[in-house]
Amino acid sequence: MNTLVFNSKDIEIGDEMSKFWKDYPDIERELEYVKETMLKVSKSSEQYLNNSFDYLYSTGGKMLRPAFLIIGSLFGTKNVENAENIRQLAAAIEMLHSATLVHDDIIDESYLRRGKESIHSKYSKEYAVYMGDYLFSQCFLMLSEFDISHTLLKELAKGISMICKGEMIQNQYRYNLDISVRKYLKIISGKTAALFAASLSAGANETDLDSKQIKKIAKAGHHIGMAFQLTDDLLDYKSDEKTLGKEVQSDILRGYYTLPIILSLNSEYSSDIKKILLKDTLKKEDISLLIELTQRSGAIDKTEEMAERYTKKAIEDIQGLPDSKGKNILLEIIPKLLKRNY
C-alpha cells in the first residue's frame, strides 16, 4: 500500500454554488430552498447534531445533482405544477450524494472536502459513518412522504444501487495494475454517471415529456456524468491543492487508478510507471515522475479526448429534444461544467 503524509490545513474557497449559478438566478434561488429543506429535515433536539449538519452543508459545492433535477423539470412545454415536490426530490438527491461523500472520505482517508476538514477528520470516523447512514435513511424517508410514481421511485432506487455497486467494484480493483479501460468506464458509469442520469430524468418525469424523451434526457445525463468524471480524473495532473480544495494525487496514493494511469500503463512507459506504483511508499519525487511519465505517454490528451467525446454525445442527445428553458440552460452550462479549474 502506498503512503504519503500531507500537511494540509483548511483552504478557504468561495461559495461554488453562487459562483457557478450566478447567471441563472432562478436555479440559484431554488437551490437555496433545497439547502433550507435539507437543514429542516436534518434538524433535531440535539444541538451537537445540528451543528455537524450545518457544517456539512456549509462545505458547499456546486450542488450539481439537485440543480440537474431542477433543470430536468424545466424540459417540456408546461410548468411543473408542484414546485415543492421538485425541491423535496432535489433535497433527497443531494442528501444521498452527501452521504456517499461522507463515506468516501472515510474510506479514502481524505482530510479535506471542498477546502474544509472532512466530517470524519473533524468529528471522528465513527460519527461520520453514522451521519452517512442517517443521510441515506432520511433520503428514503423523504421519497416515501410525497406522491411520486412507482416508476420514478424504482429508477431512483436503481440509480442508488448502481452507485453502491460501482463503489464496491472500484474498491475491489484498488492497486490493480491490470484494470482495463473498459472495466474502468463501467465503474464510473455506475459510480458517477448514474446519479447525473437519475437526477435529470427524475426532474423530467414531472413534465409532459413522453417516456422516450425522458430516456433521452437520462442518456444525456449519463454522458455528462461520464465526461464530468473523466475531467475530474485530470485534476490530479493539472491542479493544485489550493485550487481544488482537496488533496491532489489522492487517487494515486490510495490505489484508485483512474483513466490517465490506466492508459499510461498501456504505453511505452509502462514498466517505469509500474516500478513506481509497486513501491511501498511514494515520495513526492515519485509522484512528480509518475505525473511526468503519464503526461509524456499521451494519456492526458487521450483522457481529454474521451471526455470531449462524451460531452459531444450529451449535446447531441439534448439538441434532439423539444425547445425549452431546461434545454437552453443545459446546453449553456455543459461547456462551463466540463472546463473546470486545473
Q: Give just the number: which of (1) over 25 Å from the mean Cα position of the chain (by Cα); (2) open to solvent by 50 Å² or more (accessible area, probe 1.4 Å); (3) closer than 15 Å to SER270 by Cα does SER288 not satisfy?
A: (3)
Q: Any residue in the range 60-77 that's within 13 Å of ALA218 (Cα to Cα): show its pairings with residues that are among the polar types (S, T, N, Q) and open to solvent by 10 Å² or more (accessible area, probe 1.4 Å) at Cβ separation under 6 Å, as long as the two are six or more apart or on different chains.
A: PHE75/THR207; PHE75/SER324
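Which of the residues belonging to the range 295-323 are more than 30 Å from GLN213 (Cα to Cα) and buried (at least 22 other Cβ atoms within 10 Å of the Cβ)?
Here is the first cut: in the range 295-323, the residues more than 30 Å from GLN213 (Cα to Cα) are 295-302.
Of everything in the range 295-323, those that are more than 30 Å from GLN213 (Cα to Cα) and buried (at least 22 other Cβ atoms within 10 Å of the Cβ) turn out to be SER297, ALA299.
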Q) Somewhere in the range 56-75, is a residue in contact with a Pro (Cβ under 7 Å, 6 or more places away or on another chain) and at pLDDT 90 or above? A) no
Q: Scan the range 140-174 for residues that are outside any helix (DSSP H, G or I), of a type outside the set (Lys, Arg) and touching a Lys or Arg at 6+ places or on another chain (Cβ under 8 Å) and report the count.
A: 1
(Q) So in the range 192-207, with the set limited to residues that are assigned to a helix (DSSP H, G or I) and not small (Gly, Ala, Ser), which one is farthest from SER149 (Cα to Cα)? (A) THR192
Q.
Among the residues in the range 247-256, are any under 23 Å from GLY166 (Cβ atoms), among the small types (Gly, Ala, Ser), at pLDDT below 95 and part of a helix (DSSP H, G or I)?
A. yes
Q) Restricted to the range 78-114, and to residues that are hydroxyl-bearing (Ser, Thr, Tyr) and either free of Cβ contacts under 8 Å to residues at least 12 places away in the same chain or not in a helix (DSSP H, G or I) (or both), which residue is least open to solvent (accessible area, probe 1.4 Å)? A) SER110
Q: Collect the residues in the range 141-151 that are at pLDDT below 85 and surrounded by fewer than 18 Cβ atoms within 10 Å (Cβ to Cβ), keeping them in residue-number order.
A: SER144, GLU145, PHE146, ASP147, SER149, HIS150, THR151
Q | Residue count, the range 115-138 (criterion: open to solvent by less than 50 Å² (accessible area, probe 1.4 Å) and either part of a helix (DSSP H, G or I) or at pLDDT below 85 (or both)) | A | 12
Q: Scan the range 183-209 and report the pairs whose first residue is at positive phi and whose second residue is surrounded by fewer than 23 Cβ atoms within 10 Å (Cβ to Cβ) and in a helix (DSSP H, G or I), with Cβ atoms within less than 6 Å and a gap of 6+ or a chain change.
A: none
Q: Working only within the range 25-72, note down all residues that are within 21 Å of ARG114 (Cα to Cα), out of contact with any strand residue (DSSP E or B) (no Cβ under 7 Å at 6 or more places or on another chain), of a type outside the set (Gly, Ala, Ser) and not in a helix (DSSP H, G or I).
A: LYS62, MET63
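The values are calculated or read from the model by the stated rules, or taken from the named source; none is laboratory data. Since this is a predicted model, take the numbers as computed values, not measurements. With ideal geometry, Cβ positions are generated from the backbone for all residues, glycine too; neighbour counts draw on all protein chains shown. Note: areas computed on protein heavy atoms with side chains; ligands, DNA, RNA excluded. Shrake-Rupley method; radii C 1.70, N 1.55, O 1.52, S 1.80 Å.
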